[in-house]
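To keep things clear, I will list the structure first and then write my remarks on it.
The values are calculated or read from the model by the stated rules, or taken from the named source; none is laboratory data. If you're wondering where the values come from, they're calculated on a predicted model, not measured in any experiment. Backbone-built Cβ (ideal geometry, glycine too); neighbour counts: all protein chains shown.
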Amino acid sequence: MTWLENLEHDQTLGKKRLAALLDPDDLPSGREWLRFLDRLQNSAVTDIFIGGSLLIKQNVGDIIQTVRDRFDGPITIFPGAPDQVVKGADALLFLSLISGRNPALLIGRHVEAAMRIRRMELEIVPTGYMLFGDGPLTTAAYMSQTLPIPLNKPDIASATAVAGEMLGLRVLFADAGSGASQAVTASIIAGIRENTTCPLIVGGGFNDAASVEAAWNAGANLVVIGNAIEKQPNDLSWLPDPKNFSKASRPV
């Protein structure tokens, strides 16, 4: 099965997933980088996302290959810019920023990169990307030059998600952004889940097991954690195991 088919299958079964977001500019180096990957392999993480709002220091292709050598789960590119799209990953989230009104991120950059991406033989996952937050301004909001959906506006969130699904987008991604002080709320997640049927990814602002489990419980199929893992890369024991959650949450 493809990456998307697997995610849809897990959704049907009620199985949850947990992704570590690796920003190429914020990774350890040398032997510590390899030890970090071994800890990810032995943790509750099921997926690895690679990407960032900026790309200054690292080569994404080299990172993907090293991750591939030491991690058994799927690797997905979560690009902040077209030049972050390279060969080697299992899938690419082809992001359309449907929460904003910046035409470059709705279709402009997609046109620039489409023919190059097609030649890479990547699985392309059309994804409706929605930014959320009440401040302070996150890197994602600043770089995208768009206003996030306020966290107290679940109706706007649901309507935006429904519109994205109606446009044919196959996955929805609700993101508070890197370094967010507050995660996307359970009411927003539940509203999107109630009104749409495609898989729902949620990221940004998750820094403890309880907040991840709350997102799963509200309807997220896959939760993405970035900053919290970067801040304590030597201890991943706090990450909740989606296998245990999925089993506990199934009806008897």
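Structure notes:
- Candidate set: region 171-196, residues that are modelled with pLDDT under 95 and surrounded by fewer than 20 Cβ atoms within 10 Å (Cβ to Cβ); chosen: the one farthest from LEU151 (Cα to Cα): GLY179
- Of the residues ASP235, ASP208, the single one that is without any contact (Cβ under 8 Å) to a residue 12 or more places away in the chain, touching a helix residue (DSSP H, G or I) at 6+ places or on another chain (Cβ under 9 Å), surrounded by fewer than 23 Cβ atoms within 10 Å (Cβ to Cβ) and farther than 18 Å from ALA140 by Cβ is ASP235.
Yes or no, residue by residue, for (1) closer than 22 Å to GLY52 by Cβ; (2) modelled with pLDDT of 90 or more:
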residue: LEU92; (1), (2): yes, yes
residue: SER96; (1), (2): yes, yes
residue: GLY100; (1), (2): yes, yes
residue: ALA104; (1), (2): yes, yes
residue: ARG116; (1), (2): yes, yes
residue: ASP134; (1), (2): no, no
residue: THR138; (1), (2): yes, no
residue: LYS153; (1), (2): no, yes
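- Options THR139, THR160: the member that is farther than 16 Å from PHE78 by Cβ and in contact (Cβ under 8 Å) with a residue 40 or more places away in the chain: THR160
- Where GLN65 falls short, out of the listed (1) outside any loop (DSSP other than H, G, I, E, B); (2) touching a residue at least 24 places away in the same chain (Cβ under 8 Å); (3) over 15 Å from the mean Cα position of the chain (by Cα): (2)
- When region 1-31 is limited to residues that are without any contact (Cβ under 8 Å) to a residue 24 or more places away in the chain and charged (D, E, K, R), the one that is surrounded by the fewest Cβ atoms within 10 Å (Cβ to Cβ) turns out to be ARG31.
- Residue count for region 111-132, restricted to those that are of a type outside the set (D, E, K, R) and either over 17 Å from the mean Cα position of the chain (by Cα) or over 21 Å from GLU194 (Cα atoms) (or both): 9
- Here GLY168 clears all of (1) in contact with a Leu (Cβ under 8 Å, 6 or more places away or on another chain); (2) surrounded by fewer than 19 Cβ atoms within 10 Å (Cβ to Cβ) except the condition numbered (1).
- ILE229 meets each of the listed conditions (1) touching a strand residue (DSSP E or B) at 6+ places or on another chain (Cβ under 9 Å); (2) loosely packed, with under 15 Cβ neighbours inside 10 Å apart from (2).
- PRO150 vs. criteria in contact with a Phe, Trp or Tyr (Cβ under 6 Å, 6 or more places away or on another chain) and in contact (Cβ under 8 Å) with a residue 12 or more places away in the chain: no
- Among the residues of region 33-53, those identified as in contact (Cβ under 8 Å) with a residue 12 or more places away in the chain and outside any loop (DSSP other than H, G, I, E, B) are TRP33, LEU34, PHE36, LEU37, ASP38, ARG39, LEU40, GLN41, ASP47, ILE48, PHE49, ILE50.
- Unmet requirement for SER96, which otherwise passes all of (1) surrounded by fewer than 14 Cβ atoms within 10 Å (Cβ to Cβ); (2) in contact with a His (Cβ under 8 Å, 6 or more places away or on another chain): (1)
- Close pairs (9 angstrom Cβ cut-off, 6 or more residues apart or separate chains): among the polar types (S, T, N, Q) in region 99-113, surrounded by fewer than 15 Cβ atoms within 10 Å (Cβ to Cβ) and part of a helix (DSSP H, G or I) anywhere: ASN102/GLY108
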